[in-house]
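What follows is a single structure, written as structure tokens, with notes after it.
Readers should treat all values here as calculations from the given coordinates under stated rules, not as data from a laboratory. Please read all numbers here as calculations on a predicted model, not as lab measurements. Cβ atoms come from the backbone with ideal geometry, glycine included; neighbour counts cover every protein chain shown.
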Amino acid sequence: VDAVTLMAVSKTRSAEEVAAALAAGITDVGENYLQEALDKKVQLDARNLTPCWHFIGPIQSNKTRDIANQFDWVHSIDREKIARRLNEQRPAELPALNICLQVNIDRETTKAGVLPEEAAGVVAALVQFPRLRLRGLMAIPQASDDPEQQRARFAAVQQLQNQLREQFPQLQLDTLSMGMSSDMEAAIAEGATIVRIGTDIFGPRAPATPH
Ligand SMILES: *Cc1c(COP(=O)(O)O)cnc(C)c1O
């Protein structure tokens with residue numbers, strides 16, 4: 001197993017809690033909601049705490065400018081239009097924005113992401129954006145308590161990534177963003193390179209507040 005990056009998912013957590021995680025060695029932080037993320041980032045920047053910031057939530061068009069300015073990675077790309085805006089708005093002085101294409105691997109109506117058979121078409125569109133660097137796929141498979149079933153879902157994501165590697169050999173698709181607190185072992189067994197962990201780092205979340 002190659003090194004796996006542990007992303008601390010800090011939605012609903014305070015800047016203080018994130019600072020404590022960084023002090024404990026966390027290097028990568030993921031946020032779902034832009035305003036919440038910006039509030040925390042200002043506080044952490046002021047203390048010279050500069051982790052690698054990942055955006056992992058749904059993206060509305062009017063949020064792309066701040067995301068393009070403030071984040072290092074975006075995992076929740078699922079349409080060309082949003083990618084086009086991020087490409088246009090990524091500041092010239094920053095490196096290209098790392099992105100993952102989110103795939104709705106289990107075709108769930110409640111989940112974001114492109115369907116597996118749509119992925120190659122969207123990748124073909126994404127490669128034309130010089131200020132974005134497509135790194136791989138992100139997925140949130142259907143929840144299951146059965147490790148075998150978890151592994152089968154993650155294996156499907158890895159298989160899709162391998163297909164895309166063959167179709168787009170010019171891309172360095174080196175990232176599989178998959179696995180959360182309840183299924184990270186299965187994800188790592190199936191090739192995850194970034195796991196996104198909230199509960200197992202910070203403890204249970206309070207009920208979601210409206211955004
Ligand atoms: C909240 C969240 C996580 C972390 O979930 P936990 O079960 O708390 O580890 C990971 N990925 C995404 C996209 C999330 O929204």
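Points worth noting:
- Ranked packing of 188-195, 158-165, 124-131, most packed first, by mean Cβ within 10 Å: 188-195, 158-165, 124-131
- Lysine pairs with alpha-carbon atoms under 16 Å apart, the chain, spacing 8 or more or separate chains: 4
- Residues S10, S177, S182, sorted so that the one with the fewest Cβ neighbours within 10 Å comes first: S182, S10, S177
- Each listed q (0.10, 0.12, 0.13 Å⁻¹) maps to a log10 I(q)/I(0) for the chain from the Debye sum over equal C-alpha point scatterers, namely -0.41, -0.60, -0.71.
- Relative contact order (%) - criterion: Cα under 8 Å, at least six apart; region: the chain: 20
- Local charge for E36 was computed over the other residues whose Cβ lies under 10 Å away, with Lys and Arg +1 and Asp and Glu -1, and equals +2.
- Protection proxy ranking for 166-173, 110-117, 25-32, using the average of other Cβ atoms within 10 Å per residue and placing the highest first: 25-32, 110-117, 166-173.
- The ranking of E16, E36 from fewest to most other beta carbons within 10 Å of each one's beta carbon is E16, E36.
- A Förster radius of 22 Å, combined with the Cβ-Cβ distance separating T5 from N48, puts the computed FRET efficiency at roughly 0.50.
- When you restrict to C-alpha pairs under 8 Å that are six or more residues apart and normalise by the size of segment 1-95, the relative contact order lands at 23 percent.
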